[in-house]
1. Cβ-Cβ under 8 Å, sequence separation 6+ or interchain: first residue in the stretch 40-56 and closer than 20 Å to L70 by Cα, partner open to solvent by 70 Å² or more (accessible area, probe 1.4 Å) and modelled with pLDDT of 80 or more. Which pairs?
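The values are calculated or read from the model by the stated rules, or taken from the named source; none is laboratory data. Note that the coordinates shown come from a computational prediction; the quantities given were computed from them, not determined experimentally. Reconstructed Cβ throughout: ideal geometry from the backbone, glycine too, with neighbour counts over all protein chains shown. What goes into the accessible areas is simple: the full protein's heavy atoms, side chains included, and nothing from ligands, DNA or RNA. Shrake-Rupley method; radii C 1.70, N 1.55, O 1.52, S 1.80 Å.
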Amino acid sequence: PEEDYARKCEEVLQLQEQRAQQEELLEHLAAEIQEELNERWMKRRREELELAAGPGLTSLYIGLKLSTDLEAVKTDLDFTQRAWEDKERELQRLLETLGTLDVAEAPAEPRGAGGGE
C-alpha cells in the first residue's frame, strides 16, 4: 500500500512537472509570436515609409496585408490556447482520477491490524 501511494505521489509530481514545462513552452511561444509580430510590424512600417511618396493604394495594400498577417497569428494563438486548455482539463481529470483511486484504496487497507490471533 505504501509503495502504491509513493508511486502515485511520484506520478502526480511528474504530471506537475509536465504541466510546468507546458506552461513554460506556452509562454515561450507567446513571446516568439509577439516578437514576430513586432518584427513584421516594423518591417511593414519601414516599407510604408519608404513608399509614402507612392500612391495611397500602396498604403492600403500594406494595411490589408498587416491585417491579414495579424488575423493568421491570432488564429494560431487561439488554436494554441484551445490545445493548452484541453491539456489542462486532461491533467485535472487525471489528478481527480488519482485522488479517487487514493480514496478508494484507503478503506481496503487494514490499519493497525495486529497480526495473528
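1. Hits for this filter: R44/K65.
Every residue, every condition in (1) outside the structural domain of A31 (by the TED database); (2) in contact with a helix residue (DSSP H, G or I) (Cβ under 7 Å, 6 or more places away or on another chain); (3) modelled with pLDDT of 85 or more; (4) assigned to a helix (DSSP H, G or I), yes or no:
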site	(1), (2), (3), (4)
R46	no, no, no, yes
L60	yes, no, no, yes
F79	yes, no, yes, yes
E88	yes, no, yes, yes
G112	yes, no, no, no
